Structure formats: C-alpha cells, structure tokens
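Read the structure below first, then the notes.
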Amino acid sequence: MTSPDLDQLSINTIRTLSMDGVQQANSGHPGTPMAMAPVAYTLWQRHLRFDPNDPIWPDRDRFVLSMGHASMLLYSLLHLAGVKAVNPKYETLGQLSVTLDDIKRFRQLDSKCPGHPEYRWTSGVETTTGPLGQGIATSVGMAIASKWMAASFNRPGFPMFGFHVWAMAGDGCLMEGIGGEAASLAGHLKLDNLTWIYDNNHITIEGNTRLAFSEDVATRFIGYGWNVTRVGDANDLAMLDRAFDIAKKTPDRPTLIIVDSHIGYGAPTKQDTHAAHGEPLGEEEIRLTKRFYGWPEGAKFLVPDGVREHFAAGIGARGAKLRSEWLSLFEGYRKAHPKEADALFRMQHRQLPEGWDKPLPTFPPDPVGLAGRDASAKALNAIAPGLPWLVGGSADLAPSTKTRLTIEGAGDFLAGTYGGRNFHFGVREHAMGAVLNGLSLSKVRPYGSGFLIFSDYGRPAIRLAALMEIPVIYVFTHDSIGVGEDGPTHQPVEQLLSLRAIPGLVTIRPADANEVSEAWRVLLQFRHRPVALILTRQALPTLDRTRYAAASGLARGAYVLADAPGAKPEVILLATGSEVQLCVSAHQELANEGVASRVVSMPSWELFDEQPQEYRDGVLPPSVTARVCVEQASAIGWERYAGTAGRVIGMRTFGASAPLKDLQKKFGFAPESVVAAARDQLSRARVRA
Ligand SMILES: Cc1ncc(C[n+]2csc(CCOP(=O)(O)OP(=O)(O)O)c2C)c(N)n1
Ligand SMILES: [Mg+2]
C-alpha cells in the first residue's frame, strides 16, 4: 500500500472507531472526530514531538483537545499510536493506555474512555477538557511553562526545554470568555510555541453559528497579536502540513490555524448539521457513511492491518528518536550542571528540595500583630530562594494580595524575558486559573492570587484543578466583611463555603501569622491536591504560643488552642481565621465568670475531616453539645461541627460598606456576642441534661 493510501486508511480508522464507539455507547459526539480526523492525524503523525512509549517525557509537545466532547478523536489516536499507560509512580509498565476494549466500552464505568478526556485517568490525556474554553486556556499555561522552563533550565549546548503546545478548539471554545482572556494573554506574551487549531464548522448544539456568533475571528486574533492562517479544507493534508510548519517557524507570536471542516464528514444526511454533534449517527447512517469511506459496511471497531504499524513508523519512530536524544542530553546535563539537573528531576516528580521549609518564619507574640496577607508574604519570600520552581502572580492585585516575590533575582515573567518568577495575569481571573493548571500539569509549582470575592470568576478552573488532582496554590485575600469600606460587592459571604464544596480542594483560613507560616509548610507538601489559602486584609494579633497551643496543630485541620481547666470544657468555641481571636477573648471573659470553655482553632475543615475519629472526638468531645461556631462567612455548613443544638455566628445576608468596627457590631462579631451565645448554649445544655 502506498503512503497516501495508508494515510487515508489511518484517518478512516480514526473516523470509524469514533462512530462505532459512540454508537455502541448510544451517546457521545461522532461528528467532530469524523471531520477533524485528518487534521489530528497529520499533526500527530508528522509533527508532534511525542513518544507513545513515554507519554510523560518532560520536553514532549503537548496536544490539548479543547473540544472535549470530541473525546473519541483523542481515544482513537491514543490507541492507534500505541500510547502506553503510566502509573501514579510515573512508571510505564508496557500496557496500552487505551485498549480496543476500552473504546468498545466508551463512556462505561471504569473504561479508560470516559465521556470527556480526563487527565490522571487516561495516560496521554494532557489535561481534562469538556467545559469549553478550559483546554485552550490551559494550553497557554503549558506554553508559558515551556518558556519558563527553557529560560530557567537551558544552558549553552543543553536545550532541555522548548516544547510546542498544540490545542484544537471549536466554536464554543472561541465563544467562551476564558478563550478570549487566554488568547489576549498569549498574544501579549508573544508565545510563539503555541498553536490553536480552530475547527470552523459553523455548527454548535442549537444549530448554525449564525444564530449567535458572527464576529470575524481572524481579525479578532490579529488584534490580539496572533499569526492567523487558514486551511480551507480539513481533508487537505498538504495544506495542513504547511500550516503546521509555518506555525512552528513563526517567531514572536502564537498561531491560530482556522480550518474549515464539515461536521459529520461523509454522513449522507447528517453532515453539516447539528444532528452530527451530540447523538449517535444510527446504524443505517453509519453503514452509508462507511460505504462513502470505502469501508466494509458491516465491520465494527475495525483496525485494518498496517494501520498500527503505520503509526509506529511515523509518530512512534520519530518520538522514540527525539526522546532518546533528550535522555542522552539529560545525562550530559547531569554531569555539567548537577544542581540544575537535580532541580529538574525533583520538579518533574513533584518532590521538594531537602530542608525547603527551614527558613519559614516564626512570629513573636504581638497584640497588634499583622495581616494574614503580610504574614504570607514573609513566609512565601522566605521559602522562595530554596524552591526555585515555585512561581506565580496575581490577576492584577499583587500589591494587595502581597504575593510578589521580592527576593533578589526573582524578576518578572514578561514577553521576551521568560525567566522571571513573578507572573502578571492581568485582570483575568478565569484565564489565570487555567494557566495555573497548565503550569502545574507541566510540573512547575504555581500559585495565583486575588480577592476571595473574585474566586467566583475563576471557579471553573479551580474545580478542574481539584478534579485533575494537581497541586495548584490559590492565595485569596480580603477574606470577609473585614474588607470594610469597600462594601458588599467586595465582601465574600458564600465564597468560602462554595470552595469547601469542591471535592478535593483544601481550604485553609489561618488565625494568625504563625498559622499562616504553618499553612505554607503544609500546603507545599501536597502533591496531588489544590489548596485555597484564605487570608485577611486586616491585622490579626499574633497569639502567644507559650500560653496557647502550637500553631503546628494546623496540620490536623483543627486543634485545641486554649482549654478549660483539666481539659473539661462545658462549652466549645470554634472559629477560623480572624474570628479565633474573638473566641480567645470570650474564653477569658467566660473564665472570669467561672465558665469552663475550650477554644478550637479550625483553619481547615478538609484536613480535620481526614483525621482519625479518635482525634476528632478528642478535639470536639461528643458529650459537649454546648458549642458556638464563629466565622465571618456563610453560616451554612457549620451545623456539622456545631451539632443540632449548637449556635452559629455567621453571615446570613450580604455585608455593607462601613468601617470594620461598625460592621463587626452590626453583624454580631464581637467578644460580647460570643460570650452571650456561650452562656445561652450552656443554659440550654443544662435544660437538656
Ligand atoms: C462551558 C460549557 N458550556 C456548555 C457546554 C455544552 N456543550 C458541549 S458541546 C457544545 C457546543 C460546542 O460547539 P462547538 O465548539 O462548535 O463544537 P462542535 O459542535 O462544532 O463540535 C456545548 C454548548 C460545555 N461543554 N461547556
Ligand atoms: Mg462548531
């Protein structure tokens, strides 16, 4: 068989596997894989620097399928290219990532082919996609990571990094705001290692894009500073080849390749219609489509002889050569630059340098104290020199969130100077979240910061970080009505609760400067979970730890900070963050009255819930039902610690614009309110007894 015949045979194998997978599952999206098969094929077979035998080789090109609904396209490629599975210890054990059986069980429980591609579940899937726009925005983070790692690790004669990032997107990705935010940032940063392939098929779920999408995408991207090219026919392999070559060679700009395609290509009645988008084609339509492709009409899940071998001779052989060249380069690098090589290795395995946490500060007792954000700035800058791949920035709020690295040589990550550790995401919280994901997926350790209120603007990306189990760090400051005069638009109420509702995300709201320091010690050790560090804008007294329990208790999520005589409390006062101080004051007042209370500092629900029952019962003895929980945030959810009889002092309305003192009075966040609630709890408990 000649090479063009094998090209066509391979493309039609991708198409028919996708059609058969969707038909068998009786759900899914066949049309886009059928249309874009030649595009993805040409990219993988002829361009992608990717070794199917080692899908986590650090300098591989990344391929992101941003239109995650077309997942069968990716699964077919992973299968045909023979991509190997990698275990959680980063080892390849020889078996296929996606077997033909997985494809036959598309969308079924435990299949490696879930409805949308999921990072961590299927090797070779570089990021989880499905929520439109996330993939292309994440690809910007990967391209940034490539630039940063190149600037940081490459040495003369040792180009350790320089991978290209390719993302395929549909109309939906380009309609979503996050796509625009990310494109704007990518153009600004002149990321010439980034290419987006836009499937310009004029179809979305409701029908033709003329219903809701008529802008000139090319002009928009030219405005962003991108190089824009076109391929007028998705089946034109020679033109695609050229477009990819040009994208690789174009300096100083990312490239958008606009590809005109026909959704459901070859389907006699469904091509070019939204019917090809979200439902199986149907047996008869499949038969006729296969006839159009010159395929055996009755064959299902057919991989003709020679197709796998063809992939092995293309992407397989090229990838193996590139990877082995890289590995020998790394051996030389190890000898010439052992320090850098060690850092590269640790970074790629999500390990930390020895002694990284030694410089974390301890803060002396101080009744005035300092703001959570200021304590965090000190902790972050203390550990940054010893953790060179910790990088991050803010959505234009670093002067307020205090996340800037001020240590010598930290520098700024800017267009053309890509070695800096301070990133500037601009006022783009959503894209920031996806970029952080892209950085983390590339194994750089990223943090991003903003006001807690605007976590809502980046929430879909935070959720994906949790779903992907990647250790992205969020620093959210201005954490409550403590913001004061800025008023209810800037005062978070429900945000903390809504972050706690994301499975796998760890939230930490420290009570004083020493808890902030401990929070950094704990969160940097996470290898597979994202975290939201919630900090105050206003100063918090630094507790005297000779009088109160050590801040290291934070690691267990909650701990007894101040206790009743003989550890026999009648009432428990629980709080997080700025409200812990209220409870400490109330505790003293109650002691004066002869009431035995215990103060529990509870910076993290999630970490506490993971402790053994014995520890949890030790901190919150079930027999003590008189409880007061205090948090300047939505009261919802605290019942689980307050118990049905307990009292929650929280927010039940929006805040208001006023000086902090007046707000604390208005909303009941004063020691007197806590004391009164404790007394009330006690008398009720006595009645119950
Ligand atoms: C954020 C988000 N909103 C809505 C959806 C539901 N959805 C899935 S595909 C789709 C239409 C996508 O159209 P397009 O990107 O052009 O893909 P095509 O149908 O051409 O493959 C929509 C609205 C989604 N997956 N993500
Ligand atoms: Mg479309």
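The values are calculated or read from the model by the stated rules, or taken from the named source; none is laboratory data. On a predicted model such as this, the values are computed, not experimentally measured, just so you know. Note that each Cβ is placed from the backbone with ideal geometry, even for glycine, and that neighbours are counted across all protein chains shown. With ligands, DNA and RNA removed, areas are computed over all heavy atoms of the protein, side chains included. Shrake-Rupley method; radii C 1.70, N 1.55, O 1.52, S 1.80 Å.
I need the full set of residues from the range 246-271 which are closer than 21 Å to Gln8 by Cα, out of contact with any helix residue (DSSP H, G or I) (no Cβ under 7 Å at 6 or more places or on another chain) and either without any contact (Cβ under 8 Å) to a residue 12 or more places away in the chain or in a loop (DSSP other than H, G, I, E, B) (or both), in order please.
Gln271
Could you list, in sequence order, all residues of the range 123-135 that are more than 13 Å from the chain's Cα centre (by Cα) and surrounded by 24 or more Cβ atoms within 10 Å (Cβ to Cβ)?
Listed by number, the residues that qualify are Gly124, Val125, Gly133.
Kindly provide the set of residues from the range 44-77 that are open to solvent by less than 10 Å² (accessible area, probe 1.4 Å), farther than 18 Å from Glu309 by Cα and within 16 Å of ligand 1 (Cβ to nearest atom), ordered by number.
Within the range 44-77, Val64, Leu65, Ser66, Met67, Gly68, Ala70, Ser71, Met72, Leu73, Leu74 meet the criteria.
Which one is nearest to Ala70 (Cα to Cα), of the residues in the range 273-293 that are in contact (Cβ under 8 Å) with a residue 40 or more places away in the chain and of a type in the set (D, E, K, R)?
So the residue we want is Glu279.
Mind counting the residues in the range 279-294 that are of a type in the set (A, V, I, L, M, F, W, C) and open to solvent by 20 Å² or more (accessible area, probe 1.4 Å)?
2
For the range 156-188, which positions are part of a helix (DSSP H, G or I) and within 16 Å of ligand 2 (Cβ to nearest atom)?
Those that are part of a helix (DSSP H, G or I) and within 16 Å of ligand 2 (Cβ to nearest atom): Asp171, Gly172, Cys173, Leu174, Met175, Gly179.
Which count do you get for residues in the range 152-169 that are open to solvent by 10 Å² or more (accessible area, probe 1.4 Å) and either of a type in the set (S, T, N, Q) or within 13 Å of ligand 1 (Cβ to nearest atom) (or both)?
Looking only at that region, the number is 2.
Can you tell me which residue within the range 194-210, out of those that are hydrophobic (A, V, I, L, M, F, W, C) and in contact with a Ser or Thr (Cβ under 8 Å, 6 or more places away or on another chain), is surrounded by the fewest Cβ atoms within 10 Å (Cβ to Cβ)?
Here the answer is Ile203.
Of all residues in the range 136-151, which are surrounded by 23 or more Cβ atoms within 10 Å (Cβ to Cβ), of a type in the set (Gly, Ala, Ser) and closer than 14 Å to Val444 by Cβ?
If the condition is that a residue be surrounded by 23 or more Cβ atoms within 10 Å (Cβ to Cβ), of a type in the set (Gly, Ala, Ser) and closer than 14 Å to Val444 by Cβ, then Gly141, Ala143, Ala145, Ser146 are the ones that fit.
What residue, of Ala276, Ala218, Ala267, Ala238, is open to solvent by less than 20 Å² (accessible area, probe 1.4 Å), away from ligand 1 (no atom under 14 Å from the Cβ) and either at pLDDT 95 or above or out of contact with any strand residue (DSSP E or B) (no Cβ under 7 Å at 6 or more places or on another chain) (or both)?
Going through Ala276, Ala218, Ala267, Ala238 in turn, just one is open to solvent by less than 20 Å² (accessible area, probe 1.4 Å), away from ligand 1 (no atom under 14 Å from the Cβ) and either at pLDDT 95 or above or out of contact with any strand residue (DSSP E or B) (no Cβ under 7 Å at 6 or more places or on another chain) (or both): Ala218.
Please work out which one of (1) outside any loop (DSSP other than H, G, I, E, B); (2) open to solvent by less than 40 Å² (accessible area, probe 1.4 Å); (3) away from ligand 2 (no atom under 16 Å from the Cβ) is the condition Gly115 fails and give its number.
It is condition (1) that Gly115 fails.
Pairs under 6 Å by beta carbon, first residue free of Cβ contacts under 8 Å to residues at least 60 places away in the same chain in the range 339-356, partner among the charged types (D, E, K, R), six or more apart or different chains?
Once the first residue is free of Cβ contacts under 8 Å to residues at least 60 places away in the same chain and sits in the range 339-356, its partners that are among the charged types (D, E, K, R) give Ala341/Arg334.
Sort through Leu191, Leu256 and tell me the only one that's open to solvent by less than 10 Å² (accessible area, probe 1.4 Å), within 16 Å of ligand 2 (Cβ to nearest atom) and under 28 Å from Gly419 (Cα atoms).
Just one listed residue meets the conditions, Leu256.
Could you please give the count of residues in the range 661-673 that are out of contact with any Asp or Glu (no Cβ under 8 Å at 6 or more places or on another chain) and either within 9 Å of Ile481 (Cα to Cα) or assigned to a loop (DSSP other than H, G, I, E, B) (or both)?
5
For Thr229, which of the numbered conditions (1) more than 14 Å from ligand 1 (Cβ to nearest atom); (2) open to solvent by less than 10 Å² (accessible area, probe 1.4 Å) fails to hold?
Failing condition for Thr229: (2).
If Ala299 passes every condition in (1) surrounded by fewer than 15 Cβ atoms within 10 Å (Cβ to Cβ); (2) within 36 Å of the chain's Cα centre (by Cα) but one, which one does it miss?
Here Ala299 meets the rest and fails (2).
Just to be sure I understand, how many residues within the range 172-194 are more than 16 Å from ligand 1 (Cβ to nearest atom) and in contact with a His (Cβ under 7 Å, 6 or more places away or on another chain)?
Result for the range 172-194: 1.
With Ala678, Ala685, Ala633, Ala626 as the choices, which residue is open to solvent by less than 60 Å² (accessible area, probe 1.4 Å) and in contact with a Pro (Cβ under 7 Å, 6 or more places away or on another chain)?
Ala633
For the range 194-210, enumerate the residues that are touching a residue at least 12 places away in the same chain (Cβ under 8 Å), farther than 14 Å from Thr255 by Cα and more than 10 Å from ligand 2 (Cβ to nearest atom).
Glu206, Gly207
Just checking, does the range 171-179 include any residue being among the acidic types (Asp, Glu), within 27 Å of Gly264 (Cα to Cα) and within 18 Å of the chain's Cα centre (by Cα)?
Scanning the range 171-179, I find at least one residue that is among the acidic types (Asp, Glu), within 27 Å of Gly264 (Cα to Cα) and within 18 Å of the chain's Cα centre (by Cα), so the answer is yes.
Residues that are over 17 Å from Leu497 (Cβ atoms), among the charged types (D, E, K, R) and without any contact (Cβ under 8 Å) to a residue 40 or more places away in the chain: does the range 617-624 have at least one?
yes
Every residue, every condition in (1) charged (D, E, K, R); (2) part of a helix (DSSP H, G or I); (3) over 17 Å from Ser578 (Cβ atoms), yes or no:
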{"residue": "Leu607", "(1), (2), (3)": "no, yes, yes"}
{"residue": "Arg616", "(1), (2), (3)": "yes, yes, yes"}
{"residue": "Pro621", "(1), (2), (3)": "no, no, yes"}
{"residue": "Cys629", "(1), (2), (3)": "no, no, no"}
{"residue": "Thr644", "(1), (2), (3)": "no, no, yes"}
{"residue": "Ile649", "(1), (2), (3)": "no, no, no"}
{"residue": "Ser657", "(1), (2), (3)": "no, no, yes"}
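Against the condition of a type in the set (Val, Ile, Thr), open to solvent by less than 10 Å² (accessible area, probe 1.4 Å) and over 25 Å from Glu494 (Cα atoms), how does Ile407 come out, does it pass?
Taking the combined requirement at face value, the residue does not satisfy it.
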